[in-house]
Structure formats: structure tokens, C-alpha cells
Amino acid sequence: MTATLPTVPLLIQGEFVESATTQWRDVVNPATQEPLARVPFATADEINAAIASAKAAFKTWRKTPIGARARIFLKLQQLIRENMADLAATLTAEQGKTLADAEGDVFRGLEVVEHAANIGTLQMGEFAENVASGVDTYTLLQPLGVCAGITPFNFPAMIPLWMFPMAIATGNTFVLKPSEQDPLVTMKLVKLALEAGVPPGVLNVIHGGEDAVNALCDHPDIKAISFVGSTRVGTHVYNRASLNGKRVQCMMGAKNHAVVMPDANREQALNQLVGAAFGAAGQRCMATTVAVLVGAAREWVPELVAKAQGLRVGAGKDNPDVGPMISCAARQRALNLVAQGLEQGAVLELDGRGVQVDGYPNGNFFGPTILSGVKPGMAVYDQEIFGPVLVLTEADSLDEAIELINSNPNGNGTAIFTQNGAVARKFQEDIDVGQVGINVPIPVPVPLFSFTGSRGSKLGDLGPYGKQVVMFYTQTKTITQRWFDDPASMGKVNTTISL
Ligand code: NAD
């Protein structure tokens, strides 16, 4: 059966080509286990060919007028809108998330494409006249060369679109290595990018896992790497690529806490918490997976459980509240962590482990699960579960909640629910986390800003998309100029003008 499956091509020099590798893996529908396609692990020669193609294309692409670059992304955003339903259906089939979430995944990437279309105003240098008498200084933001992107499985549309549009719009060429678990929607987006006018060699795609990533980290012709994924792999990529002299940014794992103050709008806070913990089956780097109940908010647990119990689990294409997890292995890992949590003394408030979905006996389903009495030191607290599991912990005061969050190794996202502005302001000032929501559970910034991250959730100074990524994908060159007066030529110029 596997032999008849469609294969996922590589993209080298503007051509979609079949890999010559002998190593393949199936892309599997997580709701049914149906194999959808086979993805290759590209050979070293193919990876080198993709990089060589990007290197050659850079020679002309870097000199392409900024307006011509921008117009490609104007066209791409239009093509993405026209193909939204097909992109979302593909994403749901291979990744599992609901169709509504899949459209959201594409849409959040589309916003970055729209931003890339404004590159004209983003990639501008600075100018100071008369820094000394008759001397001016100005800066150019020049592209770096060949850049590479390595993406995770959980946002297979948004995260590739965080990367290649901004890299290419700033004048670089690109080699993308999508997640081998769900590369199909990424390939559809890449095809649309070519249709929008990205020239051959400017965007290349290779597939694979560890070996492909290491090859990108080691290759001397790659100048910068953008990575999004787990902390373990991201730390490896950062260290390996940095040692090879590359500019690297790694957006990594999370354990996001939401502080629920007793003065919060109870109905709103609990609804938002449930959506943020269990939406996309908890497989969002910004999922809220720890609720810190402060003071009397501890009494809200039964209501929280009732709301989570009401969520419908099912296949993403039927648009339930919670779709399947990406793989049997990911589900089993989450099951093991919950079992470990219970052994370590957590209390099971809601158990979704045995959920059954009619018509889908083989899906990787995991219903909303809530554990209370959780503390640092327990596996369910210390590790990112990346499944629909919310753990509850308690604090007596805002200060205690802030201390707990700041002591966690991760600093990706956090939220506070309160009706008190002074409490919210103190939280915003003292919390050491990249993305902070005030009565907003998943505060992913729009592309006018940049995604960020503190402590263990991010390595590298500059974030993806937004203004920061223009600095990431460019090298600042400072020019200081002086022109000496030449009376003879000035006279000549004057004569010409007066004629
Ligand atoms: P992952 O780290 O397993 O994979 C990410 C990429 O690295 C993939 O392309 C994969 O092929 C590659 N890879 C996997 N193992 C490797 C190895 N040993 N050596 C080199 N490369 C390897 O991550 P994932 O499971 O696909 O995604 C989930 C993780 O991503 C979670 O930890 C989540 O928090 C994180 N994430 C973070 C953000 C963010 O912005 N901070 C956004 C989305 C996801």
C-alpha cells in the first residue's frame, strides 16, 4: 500500500524533484492512521544542491528592486486567501487540528506575508548629515546570503510563513526544512510562493530529520538559521550553528502559566483558560498548561472541570473543540506523564485518557485532562506535556505566583486574569516571560511586533517576524562619506544647468 502513496518532492532550483534517497517515512492522518504521503530524508548531495542553488540565486536576487520583492508577497497573500479552504483541509488531514484552527494557522502566517509586502518601509537605513564638517554617515541594511529555516509540526503553515517571506523580502535566498511529520501544507504554500513569482533558487526545500538539520548547521554557505521547535533540539541547533559562525535564532519549548486572581471576571477567565489549555489538543507553544489559582480562585475548580468536560473531542475535519494529537508516540508520552503525575501525588480532577470518538477507533485522541495539587518537582509540572493536560497549582498572593513563574526554566508565554489594573501592571513589570497576556490567554503578537521569549524558551537576540527579523536577516553596513569641492566641475555643472 505504501508503495502507491504520493511522494513529497524536494524543491531545488525552482523544480519540484523526487529525492533519490532510500530513507522515507509516512505522513499519517492522526485521526485515522491513514498514510497520506511519503516524505524523503534528503541525501547529502541533494542538501548541498539546494544550498548551491540558493547561493547562486543570491547574486541576482540581492540586487532585485525592493518594490519587485514586495509585489511578490502582495501576490502571495492573494493566492493564500484564494486557496484558504484547500490549505486548511490539507493541514487538518496531516496535523489533526480542527478546520477552524487550521484556518487560524494559515491566517496568522498570512499576516506575516502581508507584512513582508511592506518591506519597502521596513528595510530602511539611517542618515546623519554633517557628523563632521562636510561628512555624512548612513547605514545600509543588506541581506546576508543563504538563510535556512527549520520548523516544528504544530504550526506547519504559520511557522514556515514566519520565516521565508521575511528572509526573501529582505533580499536573502532560503532553504527550508519543514517538519517531517506534516510537510504537505508547507509544500502547498511553497508552490503558491513560486506561482507568486519567487524566482528559481531563491526558495528551496529539503526534507529530513536530524541529519538534514545538522547539515544546515554545518554548511559554510549558510549565513543564518531560524529554528522553531523543542528546547532540546533548539539548544543543539543554536550551539552547533553558532560554533560554525552563523547567526541563529531559536524559539523553543514552554510551560505557560496563567494566574487567576480572585477578582477576575470568573466566567470570562474560566472560558479563556479552557480554550487556551485544550484548544489544538494543547499542542501550541503558547498553550496555557499551568493555572495558578490565587486565594479564593481555588474554589473555581469544579466550574473549570465542568467547562472542560463539555468540550467535544473528534476528528479535525468535523470541527470539534479538540482534535487528535499528532502521533501515537506523542499521545503515549502524555499518557506516561499523567501516570507519573498521579504516582507523585497529583489529584485527577478530569480524566480524558480513555476518550472514544465514534467512527474513529484508531485516532490519537486524548480528552481534556485536569490535575490538581501539582507542584514543581513533579514530572507533569517540570516537563512540557504538549497535550490537552492542564495542571493546577496554588498561590496565596500575586508575589508568590510571580515567584513561581519566574523560577520555571521556561519563559515563553503567560497570562493574568484580574479586574485590577494595579495588579496587572505589577505583573507586567515583574514577570520574566516573553509574551504576557492581561485577560488575554494566548498573547501571540501580530507581525507589527515580533514573537519573543525569555530564559529557556529562546536563544538568540532577535525574534522571528516583525521589525526584529529585518535586523536578523540583514547586516548593517555603515558608510561615512566626504566629497571634496571641485570648483572646476561645479562650474561645469552650473553652465550645463543654465543652458
Ligand atoms: P522538534 O524539536 O522535535 O522538531 C523541530 C524540528 O527539528 C523539526 O524540523 C525536526 O525535524 C527537527 N529535529 C527533530 N529532532 C532533531 C534532532 N535530534 N536533531 C536535529 N533536528 C531535529 O519539535 P516539534 O515536536 O516538531 O514541535 C513541538 C515543540 O516546538 C514544542 O516544544 C513547542 O513548544 C515548540 N514550539 C515553540 C514555538 C515558539 O515560538 N517558541 C512555536 C511552536 C512550537
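The values are calculated or read from the model by the stated rules, or taken from the named source; none is laboratory data. Here the structure is a predicted model, which is why all the values come from computation and not from measurement. Note that each Cβ is placed from the backbone with ideal geometry, even for glycine, and that neighbours are counted across all protein chains shown. Please note that ligands, DNA and RNA were not included when accessible areas were found on the heavy atoms of the full protein model with its side chains. Shrake-Rupley method; radii C 1.70, N 1.55, O 1.52, S 1.80 Å.
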Quiz prompt | Per-residue SASA entry for residue 328, accessible area with 1.4 Å probe, Å² rounded to 10 | solution = 80
Self-check item: Spin-label pair residue 375/residue 239, simplified geometry with 7 Å Cα→Cβ offset, distance in nm
Solution: 3.2
Quiz item: Applying 1/(1 + (r/R0)^6) with R0 = 35 Å to the Cβ-Cβ distance of residue 336 and residue 191, what FRET efficiency is obtained, to the nearest 0.05?
Solution: 0.35
Exercise. Beta carbons within 10 angstrom, averaged per residue: use that to sort the peptides 109-121, 472-484, 293-305, 90-102, highest first.
Key: 90-102, 109-121, 293-305, 472-484
Practice problem: Pull out the extension gain between residue 271 and residue 312, defined as 0.36 nm times the separation in residues minus the alpha carbon to alpha carbon distance; nm, one decimal. | Solution: 13.3 nm
Practice problem: Show that you can apply the helix-only estimate: for the chain, add -39,500 (n - 2.57) for every DSSP H stretch of four or more residues, divide by all residues, and state [θ] at 222 nm to the nearest 500. | Solution: -12000 deg cm²/dmol
Exercise. Report, to the nearest whole %, how much of the accessible area of the range 256-438 belongs to carbon and sulfur atoms, 1.4 Å probe, protein only.
Key: 46
Quiz item: Short version: ³J(HN,Hα) in whole Hz for each residue of the range 229-243, in order, from phi by Karplus 6.51 cos²θ - 1.76 cosθ + 1.60 (θ = phi - 60°), x for Gly and Pro, what are they?
Solution: x, 6, 5, 4, 6, x, 5, 4, 4, 4, 5, 5, 6, 5, 4
Exercise. For residue 366, enumerate residues with amide H under 5 Å from its amide H, sequence gap 5+ or separate chain, H modeled in the peptide plane.
Key: 325
Quiz item: If you take the beta carbon distance between residue 299 and residue 446 as r and set R0 to 45 Å, what does 1/(1 + (r/R0)^6) give as a FRET efficiency, to the nearest 0.05?
Solution: 0.80
Self-check item: Amide H contacts of residue 28 (H built 1.01 Å from N, under 5 Å, at least 5 apart or other chain)
Solution: 36
Practice problem: Report the relative contact order of the range 389-499, percent, no decimals, based on alpha-carbon pairs under 8 angstrom and at least 6 residues apart. | Solution: 20
Quiz item: Expressed as an acute angle from 0 to 90° and rounded to the nearest 10, what is the orientation of the C-alpha long axis of helix 66-82 relative to the principal long axis of the chain?
Solution: 30
Quiz prompt | Mean separation of Cα contacts under 8 Å, 6 or more apart, over the residue count of the chain: relative contact order % | solution = 18
Quiz prompt | In Hz, Karplus ³J(HN,Hα) per residue of the range 125-141 (6.51, -1.76, 1.60; θ = phi - 60°; x = Gly, Pro) | solution = x, 10, 9, 10, 8, 6, 5, 9, 4, x, 10, 10, 10, 8, 10, 10, 9
Self-check item: Extended-chain gain in nm, criterion 0.36 nm per residue less alpha-carbon gap, residue 328 and residue 210
Solution: 40.5 nm
Exercise. Treat each spin label as a single point 7 Å out from the Cα along the C-beta direction, and report the residue 136 to residue 124 distance in nm.
Key: 1.5
Quiz item: residue 114 versus residue 425, label points 7 Å from Cα toward the beta carbon: distance in nm?
Solution: 3.2
Quiz item: Residues with amide H under 5 Å of residue 437's amide H, sequence separation 5 or more or different chain, H placed in the peptide plane at 1.01 Å from N; which?
Solution: 414, 415, 416
Exercise. Enter the angle in degrees (range 0 to 90, nearest 10) between the Cα long axis of helix 266-278 and the first principal axis of the Cα atoms of the chain, meaning the one along which they spread out most.
Key: 70
Quiz item: What number comes out for the charge environment of residue 54, summing +1 per Lys or Arg and -1 per Asp or Glu over other residues with Cβ under 11 Å away?
Solution: +2
Quiz item: In sequence order, what are the phi-derived ³J(HN,Hα) couplings for the range 462-478 according to the Karplus relation 6.51 cos²θ - 1.76 cosθ + 1.60 with θ = phi - 60°, rounded to whole Hz, with x for glycine and proline?
Solution: 9, x, x, 6, x, 5, 4, 6, 5, 5, 4, 8, 10, 10, 7, 10, 9
Quiz item: Using the heavy atoms of the protein chains alone and a 1.4 angstrom probe, what is the accessible area of the range 1-150 per residue in square angstrom?
Solution: 45
Self-check item: Only Lys, Arg (+1) and Asp, Glu (-1) charged, at Cβ; the chain dipole about Cα centre in debye
Solution: 1220
